Every structure is written in C-alpha cells, then in structure tokens.
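Nothing in this text is a laboratory measurement; each read-out follows from the coordinates by a stated rule. Predicted model, so just to flag it, every value in this text is computed and none were measured. Neighbour counts are summed over all protein chains in view; Cβ atoms, including those assigned to glycine, are modelled from backbone coordinates with ideal geometry.
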Amino acid sequence: MSLTLHYHPLSSYCWKLLIALYENGTPFEAQVVNLGDPAARAAYAALWPTAKIPLLVDGNRVVPETSLQIEYLDRRHPGRQRLLPDDLDAQLDVRLWDRLFDLYVMDPMQRYIAQILRPEAQRDPQAMQASVDGLGRAYDLIDSRMGEHAWAAGEDFSLADCAAAPALFYAAIVRPFGPEHTRLAAYFERLLARPSVWRCIVEARPVFQYYPLRHALPARFLSGDAP
C-alpha cells in the first residue's frame, strides 16, 4: 500500500479528504497525528513544514492541501466516482464551489472555534460575531445559487461536495441554517445520507468529547444510523 494519510478524525479538513477516499474505496494507511505532543509534531513537520493536517504521502511524494490532494487522487488513483469532471466549464464550477465552502463556510467556522478555545476572558466578541455573520452571508449565497440539481456543482458528486459536507456539519453547530435556507438544508441532508460522509461522523464519535461545542451536537450525530 503506497498511500498514507496523516490525519485526525475530528478535523473538518481531514473529513474532506476522507470522503474522497471513501467514495472510491481507495486503500490507504491511516496515521493519527498528535500535534499536541512536541516530539510527534516535530516528526510530522519534517514531512511538511506547516505541520497542518491532513497530509497525503504516496511513496516518496508528499501531497499537501485538501483540494490538491483530491485532484491528485482523481488523477493518480482514480476510482468509480470521478471527483473532477473532464469538461473545463464543469471543472471550473466544481472548483468555484470548493472555494466557496472552504473560504466562506469552513474558514469563519474555524475562526469562531479558535476563539472558543481561548480562555473566556481572552475571547474577542467582535471577531466571534463577525464569524457568525459571515456564515449567515455564506448560507444566503449558497442557498440562492444552489439550483435544483442534487449536488453542489451538478448532478454528480464531486470535490465540491467533499468540501461542503464537513464545512456545513461544523458550521451549522456554530450557526444553524435559517428557515429561509430550504435548499441548503435539503442539500445538507443529502450529504448526510451519503455513506462516505456518514462514515466520517461515525468514526469521529469517540473523539467528539474533545470538540469544544460538543454540548451543541445534535443527538443524531452521537448515535444511530445514517438518515
């Protein structure tokens, strides 16, 4: 087995790559990274200096950054589910949605969580509110542009949906969807019903205890089968 994934089961960006791997049943060796241990962090940083997760290693090749990792898998380890279409216009749509979910949903969600991880006296209420407001604007944008197709960029599950699932899962805990976000909410339910997505949730259950907003996790994510 040539593929090794360095990851943590609680990480939203790790879910993004795991979903791509699970979609095609791509064989890989999983190695959980403990960034809290100085020696483990130093060893991991020797692979890639940013020491960010996930990191994909294929033989002697180190592949960072989730969008690039999924494209790499699609080209070098293709499976039944193509995650980037061949058509250029369709490919641009997938890349756009991938960026929307990473930059406008994942990013403000993570900035909010970063504040929660601080001692309460050191939190920045304005920064937290800005993150919540940013998520609201992102929800409005996504809902208005979603269209009637099943998945973010069309009728085929793609890289964009790999990005959407973890971003929306964690973002909806920070700021739930509003009643006006009907398309977005329906899309999220379709994502949850995808076996690759639900598998990430199930595998994260043992470590949800370390999630700072664990008290706000809906009960259906803590036990039971997929919707």
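Worth pointing out:
- Going by neighbour counts of Cβ atoms within 10 Å, the residues HIS8, HIS149 line up, fewest first, as HIS149, HIS8.
- Exposure proxy for MET128, MET109: other Cβ atoms within 10 Å of each Cβ, ordered fewest to most, give MET128, MET109.
- Cubic angstrom per residue, convex hull over Cα atoms of the stretch 3-76: 83 Å³
- Between GLU180 and ALA219, the modelled label-to-label distance comes to 3.1 nm, taking each label 7 Å out from Cα in the direction of the beta carbon.
- Note on LEU103 and LEU35: the extension gain reaches 22.1 nm, defined as 0.36 nm multiplied by sequence separation minus the Cα-Cα distance.
- Computed from the Kirkwood radius of its Cα pairs, the Stokes-Einstein diffusion coefficient for the stretch 109-227 at 25 °C and 0.890 mPa s stands at 160 µm²/s.
- Stretch gain in nm, segment VAL132-GLN91, where the contour uses 0.36 nm per residue and the Cα spacing is subtracted: 11.8 nm
- For the chain, radius of gyration divided by Kirkwood radius, i.e. Rg to Rh on alpha-carbons: 0.95
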